[in-house]
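Written below as structure tokens is the structure these notes are about.
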Amino acid sequence: MIGWLDDTERFPPLQHALREPNGLLAAGGDLSAPRLLAAYRQGIFPWYMPGEPILWWSPDPRMVLIPAALHVPVSLGKTLRNKPYRITFDQAFDQVMQGCAAPRQGEDLTWISDEIRGGYGQLHDLGYAHSAECWMDGELVGGLYGVAIGNMFYGESMFASRPDASKLAFVHLVQYLQAQGFGMIDCQMHTEHLARFGASEIERSLFIENLTRLTAAHREPGRWQYDFHNPGS
């Protein structure tokens, strides 16, 4: 059994999360900015499909990437150096969310509903949600978005309409986070794609221990200023 949320921002203890499906903790509530921030501070995130109640998760183990452990595959390294592209942050948040919300090939539905876009749009307006954008020939061709609290970043979703576009944005974002003193990136669940970049699984207890320390760091929310142009070879 999972708990149903009330009008407060309280969540059940993480040890109440189910083993199957892994990490399902609670249902209900809303996607208001206070509730989303309270969830992220406790290592909880929303994920649900249209027509379902809002479902809240905290899986064990947890997939994370330490920025300093970023691994850039050789082929992508060549693209980073030689391909003409531009990377910006927080210049097209709504467009990035729209790109992430588009159904993937062979799928009819997306979990990024208008409700999700509205909730994270509020966090962006408050300076907590951020986007990284990849541009080619003046067109937005890929990107990703996530949430930053203190020295902790929570990745949410990415998209690409051209090969490697989201990967280029991801690498620049991770390098930026490392330079800014961020200690960990939450990748939520295991994927081979993220493992190739150096992400790995850790026990939820260790994840929460690190998260508690990192979110306690003082960092003023606000838009990120980043604009990188690679002219190509």
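The values are calculated or read from the model by the stated rules, or taken from the named source; none is laboratory data. Being a predicted model, the structure only gives us computed values, none of them experimental. Please note: Cβ atoms are built from the backbone with ideal geometry, for glycine as well, and neighbour counts cover all protein chains shown. When the accessible area is computed, the model is the full protein with side chains, heavy atoms only, and any ligands, DNA or RNA have been set aside. Shrake-Rupley method; radii C 1.70, N 1.55, O 1.52, S 1.80 Å.
Apply 1/(1 + (r/R0)^6) to the Cβ-Cβ distance of residue 225 and residue 19, taking R0 = 45 Å, and write down the FRET efficiency to the nearest 0.05.
On the way: r = 43 Å, r/R0 = 0.96.
That gives a FRET efficiency of 0.55.
Which net charge results for the neighbourhood of residue 167, defined as the other residues with beta-carbon distances under 14 angstrom from its beta-carbon, given Lys and Arg at +1 and Asp and Glu at -1? Walk me through the numbers on the way to the answer.
Numbers: positive: 78, 81, 83, 162, 196; negative: 133, 164, 192.
In short, +2.
What whole-number distance in Å separates the alpha-carbon centres of the range 21-64 and the range 179-200?
When both Cα centres are located, 19 Å separates them.
Using a 1.4 angstrom probe, figure out how much accessible area the range 1-57 has per residue, in square angstrom, rounded to the nearest whole.
50 Å²
What is the sum of charges, Lys and Arg at +1 and Asp and Glu at -1, for the other residues whose Cβ falls under 10 Å from the Cβ of residue 38? It would help to have the intermediate numbers written out before the result.
Values: positive: 10, 35, 41; negative: 9.
In short, +2.
Just grab the label-to-label distance for residue 48 and residue 81, each label 7 Å out from Cα along the Cβ direction, in nm (one decimal).
Each label point is offset 7 Å from its Cα along the Cβ direction, giving 4.9 nm.
Which value results when the Cα radius of gyration for the range 112-218 is divided by 2.2 N^0.38 Å?
Values: Rg = 14.4 Å, N = 107, 2.2 N^0.38 = 13.0 Å.
Dividing the Cα Rg of the range 112-218 by 2.2 N^0.38 Å gives 1.11.
Does the range 30-161 come out rounded, prolate or oblate by the C-alpha gyration tensor, with a ≥ b ≥ c the root eigenvalues, rounded set by a/c under 1.5 and, if not, prolate when a/b is larger than b/c and oblate if not?
Details: a/c = 1.67, a/b = 1.40, b/c = 1.19.
In terms of gyration-tensor shape, prolate.
FRET efficiency for residue 10 and residue 71, Cβ-Cβ distance as r, R0 = 41 Å, nearest 0.05?
Working: r = 39 Å, r/R0 = 0.95.
After rounding to 0.05, the efficiency reads 0.60.
For the pair residue 201 and residue 101, how long in nm is the line joining their label points, each one 7 Å along Cα→Cβ?
It is 3.2 nm.
For residue 209 and residue 30, calculate 0.36 nm times their separation in residues minus their Cα-Cα distance, and state this gained length in nm to one decimal. Intermediate values should be presented prior to the final figure.
Working: separation 179, 0.36 × 179 = 64.44 nm, distance 2.63 nm.
Length difference between fully extended and current span is 61.8 nm.
Where does each of 2, 185 land when they are ordered by accessible area, with a 1.4 Å probe and the largest first?
Per-residue accessible area, sorted high to low, gives 2, 185.
Taking Cα atoms of the chain, Rg/Rh with Kirkwood Rh, to two decimals?
Working: Rg = 17.3 Å, Rh = 18.2 Å.
Radius of gyration relative to Kirkwood radius: 0.95.
Carbon-plus-sulfur fraction of the accessible area of the chain, 1.4 Å probe, in percent? Walk me through the numbers on the way to the answer.
Numbers: 5630 of 11060 Å².
C and S atoms contribute 51 percent here.
Taking K and R as +1 and D and E as -1, what net charge do the other residues with C-beta under 12 Å from the C-beta of residue 214 add up to? Mind dumping the intermediate values first?
On the way: positive: 41, 213, 219; negative: 186, 209.
Once all neighbours under 12 Å are counted, the net charge is +1.
When the solvent-accessible surface of protein heavy atoms is calculated with a 1.4 angstrom probe, in what order do 209, 201 fall, highest first?
Details: 209 120, 201 95 Å².
Listed by decreasing accessible area, they come as 209, 201.
Pick from 129, 27, 169 the residue whose mean-square fluctuation is largest in a GNM of the chain, springs joining Cα atoms under 10 Å.
Comparing 129, 27, 169 in a Gaussian network model of the chain, the most mobile one is 27.
Send over a whole-number figure in Å² for the accessible area per residue of the range 58-189, probe 1.4 Å.
Numbers: 5210 Å² over 132 residues.
That works out to 39 Å² per residue.
Could you work out which residue, out of 188, 15, 42, moves most in a Gaussian network model of the chain, that is, has the largest mean-square fluctuation with Cα springs under 10 Å?
Result: 15 has the largest fluctuation of those listed.
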